[in-house]
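Following: one structure in structure tokens, then a few remarks.
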Amino acid sequence: MSPATSRAPRVVGIDTGGTFTDVVALVGRRLVTFKLPSDPAHPARPVLEGLTRLAVAPSTRVRHGSTVATNALLERRGARVVLVTTEGFEDVLEIGRQQRPSLYALGPHREPPLVPRERRLGARERSGPAGETWRRLDRAALATLVRRVRAARPEAIAIGLLHSYANPAHERSIARALARLGVSVTASSELCPEYREYERLATAVTNAYLVPRVGAYLEELGRASRVRIEVVLSHGGTAPLAEAVREPVRQLLSGPAGGLAAARELGRRCGFERALTLDVGGTSTDVAFLDGGLPRTRGREIGGFPVLLPLLDVHSVGAGGGSIARAGHGGLLRVGPESAGAAPGPAAYGAGGPATVTDALVVMGRIATASLAGGARPLDREASQRALSKLARSIAARSAREAAAGVVRVAEAHIEAALRTVSLERGHDPRGAALVAFGGAGGLHAAPVAEALGCDVVLWSGFAGVLSALGALVTGDRRETSRTVLLDARDGVALGRAFAERERATLRRFGRAERPRVQLERWAQMRYRGQSHELELPARGDLVKQFHAEHRRRFGFSESPRAIEVVTVEVRGEVPGLAWPVQASAIQPLRGATRGARPPHEPPRRTPVWDRGGVIRATRVSFDGLRAGAAVRGPAIVEATGATLWVPREWNGRLHASGTLVVTRARGRKERA
């Protein structure tokens, strides 16, 4: 048996980040949590090591949030793709929407397409917008196309024909013919049967680009672990391994999705429906705004490429613990977006890494422990001091502590700007919302950032360091399907048929045993006829009245006589997940801890922290030693396995009955118990 557990876990949640891989397992009625260093060169290694430590059985369900797809796209390390599209439309992928990414840039730059012109091939066929065939795809044209594709030596193939959402017959014929070449084939009509040709085409290309690399990673996990693996998708749902291998483009926000669902649950249990989320990891920071449900969007850009699929609305910036601090032009301090990653990592890792945000927090004293991630990463505090002293000389700071304070202020300015993007810039007032902080470093920046935004409440859990993995573990199974229909909103019969067809398609994505428990929801993308953008509404009751009311609420007016069009129908299916846990048992895996081991509960003690230009004495508090109702008064450092919370002066905390520490400004409004 593993040294970590004496019985096989029932469910495991794993979140792979750029610096650490977080593991949460449900063993009997208790949770086991730990962290392992990530291995960007071999991302499967820490995942398999974690499963081995847990002694998983074939019956164990593993839910995995991964950054493999995201990294492959951002680093342009995908497959050699051949694109097949309607003849005459080969350049749509490069023309795009003719929008300048930076309106006032004198030398604008756009990401080059994932498929160069010589590998974009035209098929002699054409369908109309209603699905009518304008030019039939004959056998001779199909045979010629197959020969051209073979000659291009593809590693993956994407097919995106004009109006294939309305008539997928030609795409299916081409896909069957090209399947004989022995490489993966992505058909846009299967992946995202929706209108907007450029976005649908780009989504199919991105998926094909990712299939070989992501597929190899997931198949390695499946072979080596022999457990039931489900992959967290960008909309917060999950997909079985085989489906995840075919459609990796749905995983581009896999990691943040689990954390967002868990953050919403934390907020609700403390009485907050409106919340900002702050997930600070080793490489980046992910933020979002919650107003009741999970924030969703359709058709956003990731890495410069549009993705026409449902996604959680998460904004990311390069301001994590590993973000590199350096002197820029003129000796000005710069922080990020470049990261030291897991190797060599910050200077504190003792591997010759550069000065980073983590090193600044060590020098300031906000990180007072001898290691990170429950002992997974010992800290070389003297190396941090040397790195910040060197940085201080290059930016004309008077001391290493002064340079460290500057690094943290710049990083927190980046984080604050990101939170303003998802709140104020989108019409949400952050005042009155709670800030839910998680990730290993989220709590270290939460209170200063909240104060800058006018938030009076910070929520922080003992699970903060592994919250994304916990969200993956407890979330329900969810699948979603959609199709563009372009129907009159008053045509109830046609809409009923369209929704029924999508309901059948959604149910087919679940296993037979799960189908009786699936809860289905109908949603519609609607607009006034002639508009170019839609509003998303739940399809229940009178759609016309709902749309007029929502348009009036969002834009201040409605046009009752004007015809309303249902552009796309969508069906979401969900099987409820596990009950939310309150307490956790922590494991420190790299110290050989035994079952149920916890760090010893030391009495509170004082430690020096650099704050506002001077040294103050802060109380060090072990989160595991707190009980419901316990108070924490700033200045204080609250330490849990894998995460730390900084409570400044004028902030006080109290442990809520749900197990979450509710931290409020002394002059702010009182917490909701």
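Structural remarks
- Each residue in Leu221, Leu54 was given a count of other beta-carbon atoms within 10 angstrom of its own, and listing them fewest first yields Leu221, Leu54.
- The chain, helix-only ellipticity at 222 nm - DSSP H runs n ≥ 4, -39,500 (n - 2.57), divided by all residues, nearest 500: -9000 deg cm²/dmol
- Over all distinct Cα-Cα pairs of the stretch 444-512, the Kirkwood formula returns a hydrodynamic radius of 16.8 Å.
- Cα gyration tensor category, rounded, prolate or oblate, for the stretch 479-575 with a/c compared to 1.5: prolate
- Net dipole in debye of the chain [+1 Lys, Arg Cβ; -1 Asp, Glu Cβ; about Cα centre; nearest 20]: 960
- Helix 254-269 and the longest principal axis of the C-alpha atoms of the chain enclose an angle of approximately 60°.
- When Trp580, Trp523 are sorted by how many other C-beta atoms sit within 10 angstrom of their C-beta, beginning with the fewest, the order is Trp580, Trp523.
- The magnitude of the dipole of the stretch 337-403, with charges of +1 and -1 set on the Cβ of Lys/Arg and Asp/Glu and taken from the Cα centre, is near 180 debye.
- Cβ-Cβ FRET estimate between Leu578 and Ala143, R0 fixed at 51 Å, reported to 0.05: 0.45
- Using C-alpha pairs under 8 Å with a sequence gap of at least 6, the mean separation divided by the residue count of the chain gives a relative contact order of 14 percent.
- The chain: radius of gyration over Cα atoms, expressed as a fraction of 2.2 N^0.38 Å: 0.99
- Taken along the Cα-to-beta-carbon direction at a fixed 7 Å, the label points for Ala494 and His533 span 2.6 nm.
- Rg then Dmax, both in Å and based on the Cα atoms of the stretch 323-410: 11.9, 40.
- Net charge of the neighbourhood of Phe20, taken over other residues with C-beta under 12 Å away and scored Lys/Arg +1, Asp/Glu -1, is -1.
- Kirkwood estimate for the stretch 409-464, i.e. one over the average of 1/r between Cα atoms, Å: 11.4
- Extreme residue, positive dipole direction of the stretch 479-575, given options Thr481, His533, Thr568 (C-beta unit charges): Thr481
- Distance between the 7 Å Cα→Cβ label points at Arg517 and Arg77: 3.8 nm.
- Take the Cβ atoms of Arg228 and Arg562, set R0 to 56 Å, and the FRET efficiency comes out at 0.65.
- Size of electric dipole in the stretch 479-575: Cβ of Lys, Arg +1 and of Asp, Glu -1, about Cα centre, debye, nearest 20: 260
- Of Leu252, Ala319, Tyr217, farthest towards positive along the dipole that unit charges on Lys, Arg, Asp, Glu beta carbons give the chain: Tyr217
- Centre-to-centre, using Cα atoms only, the stretch 267-295 and the stretch 410-485 are separated by 3 Å.
- Gyration tensor (alpha-carbon) shape descriptor, the stretch 390-437, a/c threshold 1.5: prolate
- Cα-derived Rg over Rh, computed across the stretch 255-327 with Rh taken as Kirkwood radius: 1.03
- Relative contact order, whole percent, for the stretch 1-102 stands at 28, derived from Cα pairs under 8 Å and 6 or more residues apart.
- The alpha carbon gyration tensor of the stretch 421-560 gives principal lengths a ≥ b ≥ c with a/c of 1.5 or higher and a/b no greater than b/c, which makes the shape oblate.
- Note on Asp542/Arg97: beta-carbon distance plugged into 1/(1 + (r/R0)^6) with R0 of 35 Å gives a FRET efficiency of 0.55.
- Potential lengthening between Arg296 and Glu132 on full extension [0.36 nm per residue; Cα-Cα distance subtracted]: 55.7 nm
- Taking every alpha-carbon pair under 8 Å whose residues sit at least 6 apart, the stretch 318-444 reaches a relative contact order of 22 percent.
Each reported figure results from applying straightforward, stated rules to the coordinates on display, with no laboratory input. Just so it is clear, the structure is predicted and the values come from calculations on it, not from any experiment. FYI the Cβ positions are ideal-geometry reconstructions off the backbone, even for glycines, and counts take in every protein chain you see.
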